[in-house]
Amino acid sequence: MTELISRAAGVRFDELALATRNHGMPLEGMRYDITPIGMHYLLIHFDIPEVDASTWRLRVTGSVERELELSVEDIRSRPATTTPVTLECAGNGRTAMDPRNVSQPWGLEAIGTALWTGTPLRGILDECGVRDGAVEVVFTGADRGFQDNVEHNYQRSLGIGECGRPETLLAYEMNGADLPPQHGFPLRLLVPGWYGMTSVKWLREIEVVDQPFTGFQQTSAYRYQQHNHDPGEPVSRIRVRALMIPPGIPDFQTRRRTVEASAVTIRGRAWCGTAPVAGVEVGIDGVWQEALLGPAPAEFAWRGWSYVWDARPGEYLLSCRATDADGGIQPTASVWNLQGMGNNLIQSVAVTVR
């Protein structure tokens with residue numbers, strides 16, 4: 001059962017324990033086109049599995065003509081693709097919801113853009129020969145534990161069509177190096193455009209099924225619900241979002257910003273998993289102006305943006321919001337849901353100009 005807590009009650013010890021195991025990307029990390037591995041956000045549901053690459057095997061089973069068992073060397077010998085992809089946790093922005101789900105207490109930092117290398121999933125499925133009537137592919141990680149008293153390996157499924165996208169990868173490198181243990185060594189799924197829960201880490205089995213998968217992480221977790229008995233809608237593609245690098249210098253505890261009166265260049269990143277980013281605006285005390293949008297490095301990687309602010313002495317509230325090519329725009333208020341998912345609320349930063 002999902003447990004709620006008011007923001008006014010503060011962060012609970014169990015939330016703090018989760019926050020020490022997982023981490024977000026400091027927003028100043030957006031200065032890098034490619035996020036350094038140690039800065040990239042990280043969410044681990046259970047424990048990091050101990051995997052021996054020399055004996056590890058990926059099994060491909062289920063509704064296929066030919067089952068496969070592949071070693072690391074088998075995977076690496078296949079055609080490879082390298083592409084930058086922005087990943088965002090579905091719970092990013094959860095702490096702005098009130099009441100909020102007792103879970104990883106994300107602010108705005110559950111993001112990162114890495115350079116991923118792997119082999120397209122569809123090549124392996126084509127070799128196996130997916131049978132008529134197959135509807136989904138189930139991906140099983142080696143990590144195992146309890147959630148809501150349900151013991152399970154972390155598993156998620158994708159529709160056959162999504163698995164056939166050329167950018168859906170079985171990834172074995174991150175930023176030109178072997179996957180670190182915490183990011184899924186030796187192999188993980190990478191599904192560009194979808195929230196991070198879809199990109200199953202520590203992959204050990206792929207099963208093609210002819211019935212929709214009903215595992216815990218598919219049908220109980222990662223749903224847009226209004227109450228515990230609401231089946232809700234599944235979380236899928238990343239909603240449009242822009243974030244700014246907070247300008248100036250921070251106060252250690254409050255993170256409030258101070259800048260000098262001058263022409264201040266505000267910079268940030270914008271991304272979306274449903275359509276290309278079409279524009280970014282910067283708000284100065286609620287007055288919106290167009291920012292300069294940088295080039296798109298790849299279809300599913302963030303885009304840089306900038307805005308020059310004539311900062312004069314005083315107190316200000318800076319904001320930013322993105323719009324996608326389908327007309328989607330970030331909301332001015334959180335769209336509440338029970339699990340605290342998909343909250344792409346506009347970011348606001350309080351700034352003192354001296």
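The values are calculated or read from the model by the stated rules, or taken from the named source; none is laboratory data. Since this is a predicted model, take the numbers as computed values, not measurements. As a convention, Cβ positions derive from the backbone with ideal geometry for all residues, glycine included, and neighbour counts pool all protein chains shown. In case anyone asks, the SASA skips ligands and DNA or RNA and just uses the protein heavy atoms, side chains included. Shrake-Rupley method; radii C 1.70, N 1.55, O 1.52, S 1.80 Å.
Might you check whether a residue that is within 24 Å of Glu73 (Cβ to Cβ), open to solvent by less than 40 Å² (accessible area, probe 1.4 Å) and free of Cβ contacts under 8 Å to residues at least 60 places away in the same chain occurs anywhere in region 145-162? Before you say what the answer is, go through the steps one by one.
Quick first cut of region 145-162, residues within 24 Å of Glu73 (Cβ to Cβ) only: none.
Within region 145-162 (the criterion being within 24 Å of Glu73 (Cβ to Cβ), open to solvent by less than 40 Å² (accessible area, probe 1.4 Å) and free of Cβ contacts under 8 Å to residues at least 60 places away in the same chain), the answer is no, since none of the residues qualifies.
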Go through (1) of a type outside the set (Ser, Thr, Tyr); (2) open to solvent by less than 40 Å² (accessible area, probe 1.4 Å); (3) in contact (Cβ under 8 Å) with a residue 40 or more places away in the chain and name the single condition Val282 misses.
(3)
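Conditions tested, residue by residue: (1) closer than 30 Å to Ser220 by Cβ; (2) under 22 Å from the mean Cα position of the chain (by Cα); (3) charged (D, E, K, R).
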site	(1), (2), (3)
Gly286	no, no, no
Gln289	no, no, no
Leu292	no, no, no
Tyr307	no, no, no
Tyr316	no, no, no
Ser319	no, yes, no
Ile329	no, yes, no
Gly340	yes, yes, no
Thr352	no, no, no
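For region 81-103, which positions are polar (S, T, N, Q) and over 22 Å from Met244 (Cα atoms)?
Once the filter is applied, which keeps residues that are polar (S, T, N, Q) and over 22 Å from Met244 (Cα atoms), region 81-103 yields Thr81, Thr82, Thr83, Asn101, Ser103.
Are any of the residues in region 247-261 open to solvent by 30 Å² or more (accessible area, probe 1.4 Å) and more than 16 Å from Val349 (Cα to Cα)?
yes
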Among the numbered criteria (1) within 24 Å of Ala242 (Cβ to Cβ); (2) aliphatic (A, V, I, L, M); (3) under 16 Å from the mean Cα position of the chain (by Cα), which one does Leu169 miss?
(1)
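Give the residue, chosen from Glu127, Glu167, that is open to solvent by 30 Å² or more (accessible area, probe 1.4 Å), touching a strand residue (DSSP E or B) at 6+ places or on another chain (Cβ under 9 Å), within 30 Å of Cys320 (Cα to Cα) and charged (D, E, K, R). Explain how you work it out, then say what you get.
On the way: Glu127 fails: within 30 Å of Cys320 (Cα to Cα).
Of the residues listed, the single one that is open to solvent by 30 Å² or more (accessible area, probe 1.4 Å), touching a strand residue (DSSP E or B) at 6+ places or on another chain (Cβ under 9 Å), within 30 Å of Cys320 (Cα to Cα) and charged (D, E, K, R) is Glu167.
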Residues of region 66-93 being under 13 Å from the mean Cα position of the chain (by Cα) and either open to solvent by 10 Å² or more (accessible area, probe 1.4 Å) or not charged (D, E, K, R) (or both), in sequence order, are Val85, Thr86, Leu87, Cys89, Ala90, Gly91, Asn92, Gly93
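Among the candidates Glu136, Glu109, single out the residue that is at pLDDT 95 or above, under 18 Å from the mean Cα position of the chain (by Cα), among the charged types (D, E, K, R) and open to solvent by 10 Å² or more (accessible area, probe 1.4 Å).
Values: Glu136 fails: under 18 Å from the mean Cα position of the chain (by Cα).
Glu109 is the lone residue from the list that is at pLDDT 95 or above, under 18 Å from the mean Cα position of the chain (by Cα), among the charged types (D, E, K, R) and open to solvent by 10 Å² or more (accessible area, probe 1.4 Å).
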List every residue pair whose Cβ atoms sit under 7 Å apart, with the two residues 6 or more apart in sequence or on different chains, where the first one lies in region 26-42 and is under 15 Å from Leu179 (Cβ atoms) and touching a residue at least 24 places away in the same chain (Cβ under 8 Å) and the second, anywhere, is open to solvent by less than 50 Å² (accessible area, probe 1.4 Å) and assigned to a helix (DSSP H, G or I).
Thr35/Gly29
Pull out all pairs, ordered by first then second residue, where Cβ-Cβ is under 8 Å, the residues are six or more apart or on different chains, the first lies in region 102-130 and is part of a strand (DSSP E or B), and the second is of a type in the set (D, E, K, R) and open to solvent by less than 10 Å² (accessible area, probe 1.4 Å).
Ile111/Glu88
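I need the full set of residues from region 138-174 which are among the β-branched types (Val, Ile, Thr) and part of a strand (DSSP E or B), in order please.
Filtering region 138-174 for residues among the β-branched types (Val, Ile, Thr) gives 138, 140, 150, 160, 168.
Residues satisfying the conditions are Val138, Thr140, Val150.
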Looking at region 287-354, what strands (runs of 3 or more DSSP E) fall wholly within it and have at least 2 residues that are free of Cβ contacts under 8 Å to residues at least 40 places away in the same chain?
287-290, 314-324
In region 1-51, residues that are at pLDDT below 95 and in a loop (DSSP other than H, G, I, E, B) total 7
What is the residue count in region 296-317 for residues that are at pLDDT 95 or above and within 22 Å of Arg239 (Cα to Cα)?
9
So which residues in region 3-48 are of a type in the set (S, T, N, Q) and open to solvent by 30 Å² or more (accessible area, probe 1.4 Å), if there are any at all?
Ser6, Thr20
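Which residue, of Glu136, Glu73, is over 23 Å from Arg223 (Cβ atoms) and charged (D, E, K, R)? Lay out the reasoning, then the answer.
Numbers: Glu136 fails: over 23 Å from Arg223 (Cβ atoms).
Residue meeting the stated conditions: Glu73.
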Quick one: would you say Val353 is out of contact with any Leu (no Cβ under 9 Å at 6 or more places or on another chain) and crowded, with 17+ Cβ neighbours inside 10 Å?
yes
Could you give me the residue pairs with C-beta distances under 6 Å whose first residue belongs to region 239-253 and is touching a residue at least 60 places away in the same chain (Cβ under 8 Å), whose second residue is open to solvent by 60 Å² or more (accessible area, probe 1.4 Å) and not in a loop (DSSP other than H, G, I, E, B) wherever it lies, and which are 6+ apart or on separate chains?
Ile245/Glu28; Ile245/Arg267
